[in-house]
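*Asks:* There's a structure below that I have some questions on.
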Amino acid sequence: MARRTLTTAAAFAATATLLLTACGGSNDDSPDDIKGADTGSSTPSASASKADAKAPDLSVPDDLHLVFDFDKPSDSKDAAALDTATNYIRALKHGIVKQDPNDPAYQYYSVGSAAKYAKSQIQAWVDGGWTPTGTDKYFKADTAGVGSTGVLVTFCRNQAKSYSKKIKTGKTHYTKESLDSYQKFSILMRPSPDSADTWKAQQIEVQGRVKECQG
């Protein structure tokens with residue numbers, strides 16, 4: 001994975017519209033559209049930093065599988081950023097499973113608008129009485145340096161086999177694969193002010209119906 005460098009302005013100019021979608025658009029506030037799922041493995045990846053010894057629980061039910069089909073970046077900075085971005089997604093889904101908008105998992109891996117985004121997504125699922133089930137696949141990851149410390153992590157998502165299940169009835173809402181199944185995530189990662197070994201998601205932007213992810 002070749003390393004690229006973007007200025008902060010260029011990074012956000014490319015995805016400014018997506019931030020608005022992520023914070024309040026219909027693509028991501030509705031459980032029928034998110035249909036997120038967490039990993040079948042409850043442990044962070046082996047490339048996690050030493051700081052992850054204090055990381056929160058990310059375990060999920062057995063009927064929930066999250067697949068990250070990523071190649072590890074050769075650059076150690078990019079690898080750490082991608083690894084933490086992955087755990088941020090795991091943490092977001094963990095909060096949905098726990099039905100807890102204040103779940104400590106996403107708060108450990110994010111700050112600022114990324115933390116607010118996670119909380120809003122979890123709250124939407126809680127309000128709807130839904131929980132995720134099935135298999136959620138993330139793939140085609142890329143990284144680019146932003147300024148002196150930041151890394152913009154991007155990847156595609158295929159949620160065709162990820163479904164929402166009504167908690168009270170146990171009934172699963174199934175959908176067929178279409179362009180709506182494909183999304184692109186952009187997450188700005190930076191080292192924590194408290195520790196250079198700990199990365200945090202600062203902003204997340206999500207674009208729906210992405211043809212480049214479907215192809």
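The values are calculated or read from the model by the stated rules, or taken from the named source; none is laboratory data. Note that this is a predicted model, so its numbers are computed, not measured. Cβ coordinates were reconstructed from backbone atoms using ideal geometry, including for glycine residues, and neighbour counts include every protein chain displayed. The accessibility values were calculated without ligands, DNA or RNA, using every heavy atom of the protein model including side chains. Shrake-Rupley method; radii C 1.70, N 1.55, O 1.52, S 1.80 Å.
*Asks:* Does the range 181-190 include one or more residues that are under 15 Å from Thr84 (Cα atoms), touching a residue at least 12 places away in the same chain (Cβ under 8 Å) and open to solvent by 20 Å² or more (accessible area, probe 1.4 Å)?
*Replies:* Yes, the conditions are met somewhere in the range 181-190.
*Asks:* A follow-up question, please. Just need a number here: residues in the range 127-155 that are out of contact with any Cys (no Cβ under 7 Å at 6 or more places or on another chain) and open to solvent by 40 Å² or more (accessible area, probe 1.4 Å).
*Replies:* Total satisfying the criteria: 8.
*Asks:* For Gln207, only one of the following conditions fails: (1) outside any strand (DSSP E or B); (2) at pLDDT 95 or above; (3) not basic (Lys, Arg). What is its number?
*Replies:* Failing condition for Gln207: (1).
*Asks:* If the requirement is being modelled with pLDDT of 95 or more and touching a Pro at 6+ places or on another chain (Cβ under 8 Å), which of these qualifies: Ala79, Ala55?
*Replies:* Ala79
*Asks:* Which ones in the range 70-106 are among the hydrophobic types (A, V, I, L, M, F, W, C) and not in a helix (DSSP H, G or I)?
*Replies:* Phe70
*Asks:* Those residues that are hydroxyl-bearing (Ser, Thr, Tyr) and free of Cβ contacts under 8 Å to residues at least 24 places away in the same chain, I need them from the range 124-151; list them, please.
*Replies:* Ser148
*Asks:* Can you tell me how many residues within the range 55-111 are surrounded by fewer than 21 Cβ atoms within 10 Å (Cβ to Cβ), of a type in the set (A, V, I, L, M) and either farther than 21 Å from Asp194 by Cβ or in contact (Cβ under 8 Å) with a residue 40 or more places away in the chain (or both)?
*Replies:* Selection size over the range 55-111: 3.
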